Structure formats: structure tokens, C-alpha cells
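Below is one structure, written out as C-alpha cells; comments come after it.
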Amino acid sequence: MKSYLAAAIQMTSVPDLQKNLDQAEELIDLAVRQGAELVGLPENFSFMGEEKDKIAQGNAIAQATETFLHQMAQRFQVTILGGGFPIPVNSNGKVYNTALLVSPNGQELARYQKVHLFDVNVPDGNTYQESSTVKAGQELPAVYSSPDLGKIGLSICYDVRFPELYRHLSSHGADILFIPAAFTAFTGKDHWQVLLQSRAIENTCYVIAPAQTGTNYHRRQTHGHAMIIDPWGVILADAGEKPGIAIAEIKPTRLEQVRRQMPSLQHRVF
Ligand SMILES: O=C(O)CNC(=O)[C@H](CS)NC(=O)CCC(=O)C(=O)O
């Protein structure tokens, strides 16, 4: 593993596939011009809108998004995570909320289907019933071992509230935890940063957390603050509230140092 720059992209995705892909392309271009070699896009980056529209356009979104990720990775010669987009499950009307990691030569490196679905009545008046359109993945996420970039573990959004998933990833050697999200503004203001720092500290891993921000559609407001956190829990970059990027250096020497200073992973009893 070498030292390199990673970027967490922050966008305001809307119910318009092509608009979102254009916005994502601009931000990937910005990240690459600043030197990023690993670039993460947030949950719902290619489509964020009403559940019924997402299902109606499911096949088109899935195909265009996969093609886009392969094209961007190859054109810019970087590794890209598409942090969550719908892929229809064989004909039962539901989709998997899928994250896809693609290499600079356009090869699929890892794929994860979101396991924990957001079925929550948020006290801001919005009701979320992700399971009405999404089928829960049945498998724990993979850790992809890159000779250059380190061991990369995948997850999506609401997963961040389930530390056992990240323990699984760190037990399988993860150095970097991807947590792409579309966090609600209401929960995000109190929970987002604390949860991300907790996952970084307790697993002594880098956290790369791309995010949605602003008003995506109707009353849907997302929290923003895409960030990169180091294995000590220090926030290295925070994208604030506007679309943009958080960019920071991922260093194997820092991983080694923190794991020497705080060897908690070695003291696990259970
Ligand atoms: O609502 C949309 O249109 C898009 N949102 C999503 O796709 C997902 C599932 S509904 N959002 C979350 O998981 C938020 C979790 C969260 O905010 C928390 O854990 O507090």
C-alpha cells in the first residue's frame, strides 16, 4: 500500500438521471485534477427521488449507472466507488441498493447490496420505508484488497448505525471503510459525524464518507458534510454543505502508527 489522495464527493442528486451523472462527472473531474486516485460517490448519486419513480426507471438507472462508473474509472484512470444505486431484483418489483467499486481499467472489484434498510419515522415528519422498494442484501460486505490503495471495505448509509458490520470488515483486514450516504438533515445534525468517528476510532481505520446535501426533492433534505476521517478519529476533510469534494491523504504510515499507539483491535475478547 502506498500513500495517495482520496476524495469523498458531495452532491445534491435529484430525480433526473442525466443531470446527476453530469454533476457526478464534474465532481470526479475536480477530484482527479486535485490528484485523487480513489474517488467515492454518495448513496443515490445517480437518482434521488420518489420511490415509485425509482422503481419505474429501475432498469434504465441501473444500466446507465454501471456504464457510467466503468467509463469514468477508465477515462480518469482512478478507482471509483458508486456509493449506492438501484439494481432491479429479478422481476419482483424491488431493487437492491447496490454499491460498486470499479478499477481504473474498468473492472468490477467489489459489489455490495445494502443489508440494513431505513424503515424509520424521522421526527421531522418524514417517513422512510426503504424496504417497500428495496430488497435487503443477505451477505456481509466484501473487503477488496488493493496492492496500491489498501484493503477497502464497503457499506452504505444506514449501515453506519450497526458497528458489527464494520467489525466484520476490520476483522477481515480492512484499512479503509467506505460509508457513502444520503443522511437525513434531521438525524445528520446530531448523529452523522459522531457515528463516522466512532467507526474510525473503534476499528482504527480510515473512513471515507461521500454524502448527499441540500434539498433533493420535495421535503427531502440531506445533511451534507462528506468527510474523510483518519484512524485516530481526526477529521481530515469536510465538504461542508455545498456540492463539492472532501479530499485527504491516505497514509499507511499513519495506519501503522495509530495501530501501534492504540492496539485495541488486538485486545478484542469477543
Ligand atoms: O430518502 C431518500 O430519498 C434516499 N435515502 C436513502 O436512499 C436511504 C434509505 S431511505 N437513506 C438512509 O439510509 C438514511 C439513513 C439516515 O439518515 C440515518 O440513519 O439517520
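Which whole-number value in Å² is the accessible area per residue of the chain, probe 1.4 Å?
For the chain, the solvent-accessible area averages 42 Å² per residue.
Beta carbons within 10 angstrom, averaged per residue: use that to sort the peptides 255-265, 188-198, 37-47, 80-90, highest first.
37-47, 80-90, 188-198, 255-265
Looking only at T204, T67, T98, which one moves most when the chain is put into a Gaussian network model with springs between Cα atoms under 10 Å?
Greatest mean-square fluctuation among the candidates belongs to T67.
For a quick size check, give me the Cα extents of the range 155-270 along its three principal axes, largest first, whole Å.
Principal-axis extents of the Cα atoms in the range 155-270, largest first: 47, 29, 20 Å.
Only Lys, Arg, Asp and Glu count, each charged at its Cβ (+1, +1, -1, -1), so figure out the dipole size of the chain about its Cα centre, rounded to 20 debye.
440 debye
Past 30 Å, Cα to Cα, is the threshold; run K19/K151; K52/K242; K54/K242; K114/K151 against it and keep the listed order.
K19/K151
Would you look at the GNM of the chain, springs on alpha carbons closer than 10 Å, and say which of V234, V95, V143 moves the most?
Comparing V234, V95, V143 in the GNM, the peak value goes to V234.
Name the residue from A174, L30, A8 whose Cα lies farthest towards the positive end of the charge dipole of the chain, charges +1 on Cβ of Lys and Arg and -1 on Cβ of Asp and Glu.
Most positive-ward Cα: A174.
What base-10 log of the normalised intensity I(q)/I(0) is obtained for the chain from the Debye formula, alpha carbons as equal point scatterers, at q = 0.09 Å⁻¹?
Treating every Cα as an identical point scatterer, log10 I(q)/I(0) equals -0.35.
Could you tell me how far the Cα centroid of the range 133-149 sits from the Cα centroid of the range 165-231, in Å?
So the separation of the two Cα centres works out to 16 Å.
Enter the Cα centre distance for the pair the range 240-262 and the range 1-45, rounded to the nearest angstrom.
That distance is 17 Å.
Among A136, A56, A64, which one shows the highest mean-square fluctuation when the chain is modelled as a Gaussian network with alpha-carbon springs under 10 Å?
A56
The values are calculated or read from the model by the stated rules, or taken from the named source; none is laboratory data. If you're wondering where the values come from, they're calculated on a predicted model, not measured in any experiment. Positions of Cβ are backbone-derived with ideal geometry, glycine not excepted, and every protein chain shown enters the neighbour counts. We work out accessible area using only protein heavy atoms, side chains counted, and drop any ligands, DNA or RNA first. Shrake-Rupley method; radii C 1.70, N 1.55, O 1.52, S 1.80 Å.
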